Amino acid sequence: NAGVMQNPRHLVRRRGQEARLRCSPMKGHSHVYWYRQLPEEGLKFMVYLQKENIIDESGMPKERFSAEFPKEGPSILRIQQVVRGDSAAYFCASSPPSRGSGNTIYFGEGSWLTVV
Amino acid sequence: LAKTTQPISMDSYEGQEVNITCSHNNIATNDYITWYQQFPSQGPRFIIQGYKTKVTNEVASLFIPADRKSSTLSLPRVSLSDTAVYYCLVGSYNNNDMRFGAGTRLTVKP
């Protein structure tokens, strides 16, 4: 059973370009979470999605950032017009829909965005 | 919303037992307590989860007192490879508030 898959692992973008980060949850998982981690800092919640629905996006910056989790295909975190401050590691996590599973979420290995 | 508080850092030596405590005074009835480990340049890895009393697996033990306002992750006989950041997370099924605290940076010395 494959884990949470993120790609690309590393992405370099020039200021003003767009970055797209993809996340395929574990098989059978229908909940996806995105987190951002700056160097030497903790994990910052960004957004929580279920299939075709954004449940909580209170951690997302108001501009340039968007996320989706379509019925088919991976979840995508999109950053438009990137700036140097967007350079960070972006982690995706997924969890199953079943009750009684506590709150165990499983993480991917992350996507490292560098804006030059 | 349950908020967690952990020590920022801890030092230990190889072979010692390490206990990391997390405070979560506002824990809700349906909330579970989960601990994750993160190495540099890697995603957080699930260690252990519990609801009350004591849980043990091949990696660690988790102690939760009756009031559930805190929990303690216990790592037996740590090695250098246990040097990592440890996060405590409190939440329940379908909980929107999957927010991590700052974590505890554990450094194991030879």
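Details
- Rounded FRET efficiency, nearest 0.05, which uses the C-beta distance separating A:I54 from B:A66 and R0 of 35 Å: 0.40
- Accessible solvent surface per residue of the range B:25-110, calculated while the other protein chains remain in place, 1.4 angstrom probe, Å²: 46
- Most mobile listed residue (A:V47, A:V83, A:V32) in chain A, GNM with C-alpha springs under 10 Å: A:V83
- Multiplying the residue separation of B:M10 and B:R45 by 0.36 nm and subtracting their alpha-carbon distance yields 10.7 nm.
- Evaluated at q = 0.12, 0.24, 0.31 Å⁻¹: base-10 log I(q)/I(0), Debye formula over Cα of the range A:28-84: -0.29, -1.01, -1.32
- Solvent-accessible area buried by B and A, counting both chains, probe 1.4 angstrom, square angstrom: 2100
- Gyration tensor analysis over the Cα atoms of the protein assembly as shown returns equivalent ellipsoid semi-axes of 30, 21, 15 Å (largest first, whole Å).
- Calculated FRET value between A:I76 and B:K3, using beta carbons and R₀ = 30 Å, to 0.05: 0.50
- Förster-model FRET efficiency, 41 Å R0, B:T56 and A:R22, C-beta, rounded to 0.05: 0.65
- Assuming charge only on the beta carbon of Lys and Arg (+1) and of Asp and Glu (-1), the dipole of chain A about its Cα centre is about 260 debye to the nearest 20.
- Cα gyration tensor, the range B:1-107 - rounded (a/c under 1.5), prolate or oblate: prolate
- Value of D in µm² per second that Stokes-Einstein yields for the range A:1-60, Kirkwood Rh from Cα pairs, at 25 °C (0.890 mPa s): 184
- Across every direction, the projection of the convex hull enclosing the Cα atoms of chain A has a mean area of 7.2 nm².
- Of the residues B:T83, B:L62, B:P44, the one whose Cα sits farthest towards the positive end of the charge dipole of the protein assembly as shown is B:P44 (charges of +1 on Lys and Arg Cβ, -1 on Asp and Glu Cβ, taken about the Cα centre).
- Members of A:K62/B:K54; A:K71/B:K69; A:K51/B:K69; A:K62/B:K52; A:K71/B:K52; B:K54/B:K109 lying beyond 30 Å, as alpha-carbon distances in this model show: A:K62/B:K54; A:K71/B:K69; A:K51/B:K69; A:K62/B:K52; A:K71/B:K52
- As a size descriptor, the averaged projected area of the C-alpha convex hull of the range B:58-110 was calculated at 5.0 nm².
- Qualifying GluC sites (Glu not before Pro) for the range B:13-103 [loop in DSSP, other Cβ within 10 Å: at most 12]: B:E17, B:E58
The values are calculated or read from the model by the stated rules, or taken from the named source; none is laboratory data. Here the structure is a predicted model, which is why all the values come from computation and not from measurement. As a convention, Cβ positions derive from the backbone with ideal geometry for all residues, glycine included, and neighbour counts pool all protein chains shown. Calculation scope for accessible area: heavy atoms of the full protein, side chains included, ligands and nucleic acids excluded. Shrake-Rupley method; radii C 1.70, N 1.55, O 1.52, S 1.80 Å.
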